[in-house]
1. Given A:I46, A:I11, which one is of a type in the set (V, I, T), within 14 Å of RNA strand B (Cβ to nearest atom), outside the structural domain of A:V275 (by TED's automatic domain parsing) and crowded, with 20+ Cβ neighbours inside 10 Å?
2. Can you tell me which residues in the stretch A:101-126 are touching a Lys or Arg at 6+ places or on another chain (Cβ under 7 Å) and among the basic types (K, R)?
3. So which of A:I739, A:I645 ends up being surrounded by 20 or more Cβ atoms within 10 Å (Cβ to Cβ) and of a type in the set (A, V, I, L, M, F, W, C)?
4. Could you check, for the stretch A:598-611, whether at least one of its residues is over 22 Å from A:V664 (Cβ atoms) and touching a His at 6+ places or on another chain (Cβ under 7 Å)?
5. Given the structure, is A:A608 touching a helix residue (DSSP H, G or I) at 6+ places or on another chain (Cβ under 6 Å), among the aliphatic types (A, V, I, L, M) and within 8 Å of RNA strand B (Cβ to nearest atom)?
6. Got a sec? Which of A:R330, A:R296, A:R339, A:R381 is surrounded by 22 or more Cβ atoms within 10 Å (Cβ to Cβ), among the charged types (D, E, K, R) and at pLDDT 95 or above?
7. When you look at A:G49, is it within 22 Å of the chain's Cα centre (by Cα) and assigned to a loop (DSSP other than H, G, I, E, B), yes or no?
8. Go over the candidates A:I329, A:I313 one by one and state the one that is in a helix (DSSP H, G or I) and β-branched (V, I, T).
Amino acid sequence: MSENKDFLRVIIEEDLKSGKYKEVVTRFPPEPNGFPHIGHAKSIYINFGIASEYNGRCYLRMDDTNPTKEDTKYVEALKDAVKWLGFDWGNSVHFTSDYFPKLYDYAVELIKMGKAYVDSLDEEDIRKYRGTVTEAGKRSKYSERSIEENLDLFLRMKNGEFKDGEHVLRAKIDMNAANMKMRDPILYRIRHAHHFRAGDRWSIYPMYDFAHCLSDYIEGISHSFCTLEFENNRDIYDWVLDTLGLKSQRPYQYEFARLSINYTVMSKRKLLELVEGGQVDGWDDPRMPTIAGYRRRGYTRESILNFCDQIGIAKANSTVDVAQLEFCIRDDLNTKVPRVLCVLDPLKITIENYEGHEEIDAPYYPHDVPKDGSRKLPFSRNIYIERDDFNENPPKGYFRLTPEQPVRLRHGYIITCKKVIKDDNGNIVEIKAEYHPDSKSGDDTSGIKVKSAIQWVSAKEAKTVEVRLYDRLYSSESPESIEDLNPDSLKVIKNALIEPAVITEKPDERFQFEREGYFYADPIDYTDEKPVFNKIVGLKDSWGKKTKATQNTPKPQAKKVQVDGEVVAMNEVQKRLFNKYINEHGLNNEVANTLARDETLSSFYEKAISSLNSPISIANIVANEVAREIKENQGSQLKFSAAQIAELIKMVDDEIISNKIAKVVFEDMAKSGKNPTQIVETKGLVQISDPSKISPIIDEVIAKNPDNLAKFKAGNSKLLGFFVGQVLKATGGKANPKIVNQLVAQKLK
RNA sequence: UGGGGUAUCGCCAAGUGGUAAGGCAUCAGCUUUUGGUGCUGACAUUCGGGGGUUCGAAUCCCUCUACCCCAUCCA
């Protein structure tokens with residue numbers, strides 16, 4: 001776990017510390033209407049991860065309130081995903097549908113309180129009546145129904161006496177609410193549909209906003225984490241629980257940004273389209289960003305979990321670079337899997353001066369992976385190398401085999417090209433080569449220098465395998481539709497050649513094909529007769545990148561010009577005040593502007609200067625500090641008066657306290673409502689301006705920080721602030737900062 | 001356009017008045033019988049823009065801008 005805490009953990013630690021909850025209880029609440037993707041993995045990691053980190057619990061809850069969309073096969077997919085990621089949901093999976101009876105009772109209670117009513121408007125009217133984001137809505141005439149009538153209607157809705165859409169149950173909140181979600185949200189709708197778990201028992205089903213908060217409450221959830229798009233729904237969440245009086249030990253909702261990754265789509269709808277449109281081969285196609293897809297591709301749970309950890313949790317909408325995910329899987333597999341030799345695009349090599357056959361002992365792991373294990377690599381006169389590893393007209397910096405340049409066969413001998421054989425079309429079909437008998441790997445006395453070692457297989461012993469080369473599904477960085485699909489996202493190589501031990505010994509299911517990438521024995525299609533390997537991810541390739549980079553155009557990005565909008569003009573009263581502040585009180589434009597435009601501030605200001613003639617200093621504190629307090633308190637009574645602010649500024653003017661201390665005193669006043677003079681006295685905050693008192697403290701600070709002193713002397717002038725800060729800290733903020741600044745600057749010279 | 005959010009390096013992301021963390025990516029150098037790995041170093045005088053307050057501002061105040069979410073009987 002990273003050292004810095006994300007905002008969710010900060011909230012949890014505060015709540016635990018304050019005793020708001022004894023235990024952290026979270027839940028992962030997916031709707032079983034699709035396969036979980038890597039965005040769900042993030043949510044799983046957050047909910048299960050945080051719970052276990054704080055010794056709490058996390059439930060897996062299927063949010064199955066919509067019978068028309070959900071299916072038990074998705075329940076299984078969800079369970080598989082959570083389990084595969086290594087989390088444990090305890091005794092049983094929870095279902096919102098299990099709470100339908102309780103939810104119904106709560107709805108009845110709301111009706112009895114007069115807080116919910118049965119509305120009989122049709123769908124279109126409900127939409128019309130809701131208004132728009134800028135226009136208020138209007139309440140349905142049915143909202144006037146009596147409690148008895150509502151109760152009766154709701155019961156009959158439950159009993160299936162009405163058709164779909166005939167009535168709905170709505171909360172009675174506020175049709176004029178600025179938050180559209182609060183305009184009498186629908187709580188229940190009639191659905192004569194078969195529910196995959198509840199069967200045909202119900203003909204009414206609760207809406208998300210009603211079911212979710214109550215399910216959280218029923219389960220005793222403490223922290224209910226969801227994604228950003230539910231921010232507006234939090235008001236209903238709170239309204240339902242508060243209105244029902246479920247106040248103690250109730251859950252609170254917090255929102256974080258959902259995961260998006262470039263070159264990837266994450267919406268369930270788009271994923272479903274790919275599956276149904278046949279663009280991919282099912283939900284677990286290795287190109288899909290589903291957990292099942294990554295799993296089939298060969299990703300490990302550790303790599304996915306590590307990725308989730310690396311990307312962090314925050315509230316900014318962001319798109320993670322897919323390279324970060326690729327890093328995670330490489331990083332994990334690097335230390336785990338055996339290295340083997342596989343040739344994808346074979347080029348025949350005949351070693352003319354080699355007769356017979358031998359078996360080379362080759363370790364599975366490189367020198368820097370502390371694992372044991374080795375296999376026999378058959379070697380003979382006829383071998384294959386990668387077509388790419390020979391070049392007749394090599395570009396500059398090419399390290400592999402050329403007519404002039406010898407190359408090492410990994411774990412084997414050095415070979416030299418003697419003759420290039422071509423067919424009638426000029427294609428290279430074979431290389432005649434010679435090997436150097438005294439150059440055997442580990443026992444090389446030839447003295448020949450080669451620049452690289454390449455993979456190869458012995459023609460006779462090599463096994464034919466199918467290799468599926470997967471690339472990103474989309475070629476667009478932010479894909480919109482199937483137009484953006486990458487036509488080369490899958491290349492199937494039917495006749496790749498692999499060294500025999502991989503097939504006969506099966507030392508692992510994941511391998512690094514040396515110099516190529518990481519591969520996974522396909523868990524479904526692999527058979528001993530016809531082995532199939534999926535490419536998980538390629539190795540980092542600084543050569544390929546270099547050769548490509550020359551073609552890529554470096555695009556110079558013009559910096560965006562920022563246009564400033566019009567500022568709203570002041571009215572007459574404000575203008576008059578503004579002019580007065582500038583001309584009579586000598587305020588600067590900005591402060592005068594702030595004060596003049598805000599009536600609360602200007603009247604506060606007027607009051608304060610009536611008791612102390614220090615218009616500029618008072619204006620500054622009112623326009624800054626006081627303005628903040630007013631903003632934070634949102635209309636509730638301030639604990640301090642204008643006269644007290646004047647009293648505070650008087651002390652600053654008289655140099656009894658510094659500006660810094662004034663801020664400290666102000667915070668205290670705002671919180672406690674105490675008198676400023678009294679605060680200064682009881683806390684002993686009178687400032688220290690005597691250089692002979694400050695000097696030794698500075699010396700001490702300098703002596704304690706030799707590193708920073710050296711840095712400062714080396715030219716890092718920013719450190720002046722550091723030293724000033726340290727001295728101020730040492731004096732409890734009481735040292736006169738102006739004097740400290742001067743003295744420190746002097747001493748550091 | 002009303003309300004709710006968010007802006008810190010190419011991509012994530014710490015930081016809440018006193019030295020702009022870290023990871024990915026990128027670029028160098030060393031190591032290497034994988035153009036892999038590992039190691040070392042470089043990479044934000046500046047935090048969406050502009051003002052203001054302060055000895056000192058990414059952090060406080062004012063103001064402007066951009067982007068996301070909300071008008072499903074979806075979740």
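1. Just one listed residue meets the conditions, A:I46.
2. If the condition is that a residue be touching a Lys or Arg at 6+ places or on another chain (Cβ under 7 Å) and among the basic types (K, R), then A:K115 is the only one that fits.
3. Result of the check over A:I739, A:I645: A:I645.
4. So far as the stretch A:598-611 goes, no, none of its residues is over 22 Å from A:V664 (Cβ atoms) and touching a His at 6+ places or on another chain (Cβ under 7 Å).
5. no
6. A:R296
7. Taking the combined requirement at face value, the residue does not satisfy it.
8. A:I329
The values are calculated or read from the model by the stated rules, or taken from the named source; none is laboratory data. Because the structure is a prediction, the values reported are computed rather than measured. Cβ sites come from the backbone with ideal geometry, for glycine too, and all protein chains shown count toward neighbours.
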